[in-house]
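The structure appears below as structure tokens.
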């Protein structure tokens, strides 16, 4: 694997293990705490972010020849979050799926997905190069590297949601720095720079839903 994808994979594994450690420390009542995502409890949040090992292990069977329509994580974010994109049209379905999964899945199972099954499945596809193209059901042709980048961003952003609900130490610095850079990359560079410098009037935030 390329060095960048190796770093992303290591950071993603570290993030998932952090979710597992934090979940193991939660009391029974903590799982029903509300989060700042008004539709979700802590258990719903865990259900939404928990890796699906079967999806990871199934990636080799999805490999296709040809160029990727989405080659980087920023490409995926722009596609998802554009007006009329899936972040808008499928938001209700995503929220309900998380709730359904949470109702059907015990916390111990969710913790195991983060701490054991997800990292093992990720290690099992370590020979897939980051520029490997797979046929994604929703995204079309997309690289493995782009999917890994978005997974790391999601794990980090939602870990901040979890911390806001139950406390605990911040995410790893590497994950924070990567996520900051990915979100900045997903925006128009001039609009982002001018907004960050306090000069632009064009709305830039939020970058993702």
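The values are calculated or read from the model by the stated rules, or taken from the named source; none is laboratory data. Computed from a prediction, not measured in an experiment: that's the story for all the values here. For neighbour counting, all protein chains shown are included, and Cβ atoms are generated from backbone atoms with ideal geometry for every residue, glycine included.
Here is a yes/no grid of residues against (1) surrounded by fewer than 21 Cβ atoms within 10 Å (Cβ to Cβ); (2) modelled with pLDDT of 95 or more:
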| position | (1), (2) |
| --- | --- |
| 114 | no, yes |
| 120 | yes, yes |
| 138 | yes, no |
| 143 | no, yes |
| 156 | no, yes |
Of 103, 36, the only residue that is within 18 Å of the chain's Cα centre (by Cα), at pLDDT 95 or above, more than 15 Å from residue 143 (Cα to Cα) and surrounded by fewer than 19 Cβ atoms within 10 Å (Cβ to Cβ) is 36
Filter region 179-202 for residues that are free of Cβ contacts under 8 Å to residues at least 24 places away in the same chain, outside any loop (DSSP other than H, G, I, E, B) and touching a helix residue (DSSP H, G or I) at 6+ places or on another chain (Cβ under 7 Å); the one that is surrounded by the fewest Cβ atoms within 10 Å (Cβ to Cβ) is 184
Selection from region 117-148 of residues assigned to a helix (DSSP H, G or I) and in contact with a strand residue (DSSP E or B) (Cβ under 9 Å, 6 or more places away or on another chain) yields 144, 146, 147
Only unsatisfied item for residue 205, checking (1) within 19 Å of the chain's Cα centre (by Cα); (2) over 24 Å from residue 114 (Cβ atoms); (3) surrounded by 14 or more Cβ atoms within 10 Å (Cβ to Cβ), is (3)
Test: residue 152 is closer than 17 Å to residue 52 by Cα and in a loop (DSSP other than H, G, I, E, B): no
- Is there a residue being surrounded by 17 or more Cβ atoms within 10 Å (Cβ to Cβ) and either modelled with pLDDT under 95 or closer than 22 Å to residue 178 by Cα (or both) anywhere in region 54-62? yes
Listed by range, helices (runs of 4 or more DSSP H) wholly within region 1-115 having at least 1 residues that are under 21 Å from residue 149 (Cβ atoms) are 3-24, 42-49, 53-57, 73-81, 86-89, 91-104
Reported set for region 76-106 where residues are more than 27 Å from residue 33 (Cβ to Cβ) and in contact with a strand residue (DSSP E or B) (Cβ under 8 Å, 6 or more places away or on another chain) is 76, 79
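The rows are residues; the columns are (1) out of contact with any helix residue (DSSP H, G or I) (no Cβ under 9 Å at 6 or more places or on another chain); (2) over 14 Å from residue 154 (Cβ atoms).
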{"position": "50", "(1), (2)": "no, no"}
{"position": "67", "(1), (2)": "yes, yes"}
{"position": "73", "(1), (2)": "no, no"}
{"position": "82", "(1), (2)": "no, yes"}
{"position": "87", "(1), (2)": "no, no"}
{"position": "100", "(1), (2)": "no, yes"}
